[in-house]
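Report on the following structure.
Throughout, read-outs are computed from the coordinates displayed, never taken from laboratory work. Please read these numbers as outputs of a predicted model, since none were measured by experiment. Heads up, the Cβs are rebuilt from the backbone with ideal geometry, glycines too, and the neighbour counts pull from every protein chain shown.
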Amino acid sequence: MLQNIGGNAFLLISVLVFVAVLLLLEGAYLLWKSYKGPEAKKIEKRLQALSASSDHTQRAQLLKQGMLSEVPAIERFLLGMARAEGLGRFIYQAGLDWTVSRLLFSCAALGAISCMLIVYVAHQPLLLGAVMGAVFAAAPLLYVSNKRARRLGKFEKQLPDALDLITRALRSGHAFSSALQMVGDEMAEPIAGEFHVVHDEVNFGVSLQQALTNLSVRVPLTDLRYFIVSVLIQRDSGGNLTEVLSNLSRLIRERLKLLSKVRVLSSEGRLSAWILGIMPFALAGVMYLVNPDFMAPLWNDPIGISIIKYMLILMVFGAFILRKIIKIHV
């Protein structure tokens with residue numbers, strides 16, 4: 001009898017401990033979700049985006065300016081630089097959570113480390129080390145530029161659908177600010193967050209003209225500026241805004257369609273550029289695997305080293321020329 005009672009008590013305690021641990025894990029997950037979950041991050045990005053306004057009047061400065069650095073001394077130094085704010089806007093347009101100091105530190109660190117490796121480890125001249133250091137120092141900037149181009153390209157592709165949504169909302173009797181909120185609620189990033197910021201700025205008391213101007217600064221796209229100009233002109237002179245936005249949406253779609261056709265027609269040129277850029281290194285690797293002694297003079301003999309240097313310089317110039325040829329603006 002006592003054994004049965006003891007066994008039941010042990011089973012009951014085990015179940016209670018299991019339930020307690022389960023509730024503890026559930027509470028920890030809910031706590032993490034409230035501070036670090038997707039919804040919390042979305043709200044945090046919207047609050048950070050509100051500080052990207054270019055208007056420095058007291059009415060438009062709803063929140064403090066975005067931080068250029070987490071270190072106060074570096075923050076004060078960067079605030080004195082003329083291009084620091086533009087670089088911060090450049091990072092914001094890329095959709096990254098970096099600070100300006102982090103980007104500059106990454107560039108300086110990569111440049112210094114690569115220069116020291118070329119000069120002290122590879123025993124190459126200081127001029128070559130400085131050139132390679134400059135190339136590696138530009139790598140973070142190129143990464144941010146690539147992310148920015150991708151984000152703006154995605155925004156541009158989403159813009160016709162957003163204009164159609166605004167047009168349908170206006171035709172159904174909604175106010176323009178409500179239509180902006182619909183775009184922020186129903187569409188995906190990055191266009192949802194930007195239109196949410198416009199809606200929030202208007203709700204906080206910023207004029208619609210200034211809020212749309214801030215949007216054009218945060219997202220420097222020509223098609224978006226057409227939309228902003230159309231809205232502002234309609235507010236001043238009147239007219240059928242829904243028809244204007246519908247025509248603008250159709251025009252943007254036709255331009256994107258033409259751009260896609262141009263990319264298809266220029267795909268052969270891009271493929272040729274990739275082949276011409278990769279082929280020398282691929283052939284050198286194959287020849288080294290087949291006959292290492294035949295390729296050894298290229299990095300053992302001073303003449304071979306000079307040939308590699310001039311070859312790399314000419315290849316860089318050739319890559320820029322090929323990029324200029326195959327890049328067609330529409």
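In this structure, is Ala109 free of Cβ contacts under 8 Å to residues at least 12 places away in the same chain, assigned to a helix (DSSP H, G or I) and under 21 Å from Thr222 (Cα atoms)? When the stated conditions are applied, Ala109 does not pass them. If the Cβ limit is 9 Å and pairs must be 6+ apart or interchain, which residue in region 189-213 that is over 17 Å from Ile233 (Cβ atoms) pairs with which residue that is acidic (Asp, Glu) and outside any helix (DSSP H, G or I)? Note: pairs meeting the criteria are Val206/Asp55. Given the structure, is Leu152 farther than 29 Å from Phe227 by Cβ, buried (at least 17 other Cβ atoms within 10 Å of the Cβ) and under 15 Å from the mean Cα position of the chain (by Cα)? Criteria not met by Leu152. Under the condition of being within 22 Å of the chain's Cα centre (by Cα), crowded, with 18+ Cβ neighbours inside 10 Å and among the polar types (S, T, N, Q), the residues counted in region 106-143 number 0.
Which condition from (1) surrounded by 18 or more Cβ atoms within 10 Å (Cβ to Cβ); (2) in a helix (DSSP H, G or I) is the one that Val206 breaks? Only one criterion in (1) surrounded by 18 or more Cβ atoms within 10 Å (Cβ to Cβ); (2) in a helix (DSSP H, G or I) is unmet by Val206, namely (2).
Per this entry, Ser178 is not counted among residues that are within 30 Å of Ala109 (Cα to Cα), of a type outside the set (Phe, Trp, Tyr) and part of a helix (DSSP H, G or I).
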